[in-house]
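For reference, the structure discussed in these notes is given below.
Values quoted throughout were computed directly from the atomic coordinates according to the rules given, and no laboratory measurement underlies them. As the structure is a prediction and not an experimental result, all values here were calculated from the model. Cβ: placed from backbone, ideal geometry, glycine included. Neighbour counts: every protein chain shown.
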Amino acid sequence: MRKKKVIGISFFMALTLMLTGCSVFPTLAGMESKEAKAYANVYDLKANKAYVWHHEGEADIRQDLARDREGENIFFACSKGDTNFKGKELDRSGQYPRSIWVSSSKDDEIPTIIGNNALIYISKTTVPEEIVFERFADYGYSIGVSNMIPDEGGHYYFVYAETDKDDYKYYVDTASEAFSLLCFDTVARLYLDKVGGVLVTEENVSEGGTVLGLTKDAQYVCEFYTGTFYQDFVLSANIHSFGSMEQFVSYDYEFLHSNCIKINIPEYFKSGYYFVQGVGLFRYVSEQDAKVYNGEAYDPGIDWNDPIILYDEYGVVIFDPSLGIGMEEETITDENSDAGVSREEVESYLPFEEGSEADEEPDSLDRDRR
């Protein structure tokens with residue numbers, strides 16, 4: 001019975017594509033990479049890449065930097081996945097949201113930094129003046145569409161070809177099954193009304209504009225609209241989706257008397273996914289979460305998106321440890337949080353009662369805020 005159902009879905013998808021004039025064919029972005037992901041010897045690592053060192057039972061990476069080392073793989077490449085910002089890895093000034101898509105068959109290749117694991121970087125020509133960490137929110141498994149937004153009526157869509165014929169590249173993972181959506185050439189917006197018969201609303205859409213609540217690798221009939229005409233596509237929830245969240249800069253690294261530098265993880269980091277130096281993504285598990293982490297590519301029991309940078313009600317940053325904002329003197333910490341906000345900084349942004357010193361000396365307060 002199940003076999004007949006799968007055949008029926010496949011036939012339905014093929015028929016839909018023929019009726020809409022769409023076709024499916026391999027893309028360069030979806031081709032398998034031949035490059036190894038794991039290595040035993042540090043001198044086999046490739047330049048301009050970042051790796052996570054993980055050696056069970058060994059606490060010091062320096063013990064594993066010999067030129068003649070053989071045996072099990074202990075160096076794991078930070079994954080790049082499929083991104084919508086190729087060529088602009090360190091440039092966040094663009095108008096489009098930044099996304100990383102990783103196939104459910106490959107997200108276990110994202111290396112994990114936990115405990116004594118170390119992050120290293122290789123370059124034959126330069127030592128980085130700064131280490132850039134771009135943090136990405138984890139939205140779990142979904143179809144290969146991200147960054148959808150609602151119209152005034154709460155109907156979700158993504159920009160297809162509104163300002164440029166290639167707008168869709170910032171919303172669709174062209175290496176996924178969603179590539180089949182790229183057959184329309186006159187549509188400004190592509191609406192998604194239902195997935196698996198369930199209406200798409202703010203209740204089941206993530207902050208990154210992905211559809212939530214889907215079962216990993218399951219197939220769903222997705223009801224799209226070009227204008228007022230519906231177009232059904234069968235898509236799998238086999239994409240682990242990530243969206244840019246916040247960015248930090250660090251200058252903390254060590255030379256190791258080898259061919260690499262060790263990048264030290266900032267103490268204020270929380271569990272999450274970090275894209276380091278524009279070359280690859282790694283998973284970081286804090287000491288607190290290490291006790292409950294399931295060790296899998298996806299752990300819904302951990303909040304991977306707990307923000308580090310904090311803002312006041314006006315959108316002004318009141319805590320950013322990367323820039324030293326909110327780091328003065330005494331620190332207020334939440335028992336469930338790895339980061340803190342200084343009491344002095346917090347109090348300077350709290351509303352003052354009438355007649356307070358702040359009301360009498362506004363210029364001084366303004367100077368402090370600047």
Residue order, fewest to most surrounding Cβ atoms within 10 angstrom, among Y293, Y139: Y293, Y139
Of K80/K262; K46/K165; K80/K216; K106/K169, pairs whose Cα-Cα distance is over 25 Å: K46/K165
Over the range 178-323 - Rg/Rh using Cα atoms and the Kirkwood inverse-distance radius: 1.06
FRET efficiency for D193 and K169, using Cβ-Cβ distance with R0 set to 22 Å, rounded to 0.05: 0.45
Whole-number Å³ per residue for the convex hull built on Cα positions in the range 57-169: 189
Quarter of Cα convex hull surface for the range 201-279, i.e. mean projection, nm²: 9.0
Between the range 261-307 and the range 111-141, the alpha-carbon center distance in angstrom: 10
Positive-end extreme of charge dipole, the range 146-286 - chosen from G243, F224, Y168 (charges on Cβ): G243
